[in-house]
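Contents: one structure, followed by commentary.
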Amino acid sequence: MSHLDELDEFDAELELQLKREYTDVFGLFRYCVLTQDATYLCNRLDLQYAPQPSYPFFHLKMEDVWVWDKNRPTRIIPRAEVYTSSDLTVEELRGEGDEPKLTAEALAERLGEPLPRDDDL
């Protein structure tokens, strides 16, 4: 097997793991945000529209964010800001006050990773 084949196989495995993780965490989030460059899941979203003479401009502030990126060591981050003038899609996955169908504890159990206890932090 050549090095290129090994890299392709490694990349395919990372993509498969990412798709499985996305399926596992999807129910924890309120919004799905799709930009030209990335896909985000988040629980808080502040979207500001700033029209420009020749193009639309969006500023997104997100909290409690999961980022679709197979190369990140940690995909869940506390906050993210995105500035874009490209197409943007925002989907509300559940309403205000609706509880997620999956808890963080259940997700950790599903993924086989225990949540850190308070005394571990």
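Quick rundown of the values:
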read-out	value
Shape of the stretch 3-112, Cα gyration tensor, a/c cut at 1.5	oblate
Charge tally in the Cβ shell below 10 Å around D64, where Lys, Arg are +1 and Asp, Glu are -1, D64 excluded	+2
Sorted by Cβ density within 10 Å, fewest first, the residues E91, E96	E96, E91
S86, S2 arranged by Cβ crowding within 10 Å, fewest neighbours leading	S2, S86
Residue exposure sequence - Y83, Y40, Y31, Y55 - by fewest surrounding Cβ within 10 Å	Y55, Y83, Y31, Y40
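Just so you know, all these numbers are worked out from the coordinates, no wet-lab data involved. Treat the numbers as computed from the prediction; the structure is a model and nothing was measured. No Cβ is skipped: glycine too gets one built from the backbone with ideal geometry, and neighbour counts run over all protein chains shown.
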